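Single-structure report; data block below.
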Amino acid sequence: MLNKNATILLVDDTMIMRESLRRVLVSLGYDNILQADNGREAIKILTTEGNKVDLIFLDIVMPIMDGKTALKKIRETNKTVPVVMLTSVADKDSIIECSKLGMTSYVLKPVNAETGPKILSNIFVKL
């Protein structure tokens, strides 16, 4: 189970999606949440000294740096941080590719107040 003091990084180019995920996380008792709107920003957060991230939610399709590229870069320096990919389409090829790159799990968007707590709780039990 994920510790309630864990630092969680939300990476999605859509502010509404980040905010929706943030609200679900807060409702589950997690409030140490960082946000980035593309993969490049996420990598910058992860490589900033003093930032310890315990879990990453990472959108696959984003401008500037997509989730697959960001996942690859994350795994070059950190093989253990759980990375949950976010996708709006159940694209089997993308999921397989992300699996090979080292994702921990994936979630179909949207994640909302109705479905989110159960989906995220199921993921947290596995961590």
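Laid out as a table, the results:
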item: Residues that are without any contact (Cβ under 8 Å) to a residue 24 or more places away in the chain and over 22 Å from M17 (Cα atoms), drawn from segment 63-91; result: E76, K79, T80
item: Residue that is nearest to I119 (Cα to Cα), among those in segment 38-86 that are of a type in the set (K, R) and touching a helix residue (DSSP H, G or I) at 6+ places or on another chain (Cβ under 9 Å); result: K68
item: Single condition K79 does not satisfy, out of (1) under 19 Å from S105 (Cβ atoms); (2) of a type in the set (D, E, K, R); (3) at pLDDT 95 or above; result: (3)
item: Where a residue in segment 12-37 is touching a residue at least 24 places away in the same chain (Cβ under 8 Å) and outside any helix (DSSP H, G or I) and its partner, wherever it lies, is of a type outside the set (A, V, I, L, M) and surrounded by fewer than 15 Cβ atoms within 10 Å (Cβ to Cβ), with Cβ under 7 Å and at least six apart; result: D13/P63; L28/S121; G29/K4; Y30/K4; N32/N5
item: Answer from K52, K44, K92 - the residue that is surrounded by fewer than 18 Cβ atoms within 10 Å (Cβ to Cβ) and closer than 23 Å to V125 by Cβ; result: K52
item: Identity of the residue in segment 38-57, outside any helix (DSSP H, G or I) and of a type in the set (A, V, I, L, M), that ends up nearest to the chain's Cα centre (by Cα); result: I56
item: Among the candidates K68, K100, residue that is surrounded by 16 or more Cβ atoms within 10 Å (Cβ to Cβ) and either part of a helix (DSSP H, G or I) or of a type outside the set (K, R) (or both); result: K68
item: Residues that are closer than 20 Å to T14 by Cα and outside any strand (DSSP E or B), drawn from segment 72-94; result: S88, V89, A90, D91, S94
item: Boolean, V83 is closer than 22 Å to L127 by Cα, in contact with a strand residue (DSSP E or B) (Cβ under 8 Å, 6 or more places away or on another chain) and surrounded by fewer than 13 Cβ atoms within 10 Å (Cβ to Cβ); result: no
item: Output for segment 2-22, where each listed residue is at pLDDT below 95 and touching a helix residue (DSSP H, G or I) at 6+ places or on another chain (Cβ under 6 Å); result: L2
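The values are calculated or read from the model by the stated rules, or taken from the named source; none is laboratory data. Please read all numbers here as calculations on a predicted model, not as lab measurements. Every residue, glycine among them, receives a Cβ derived from its backbone with ideal geometry; neighbour counts consider all protein chains shown.
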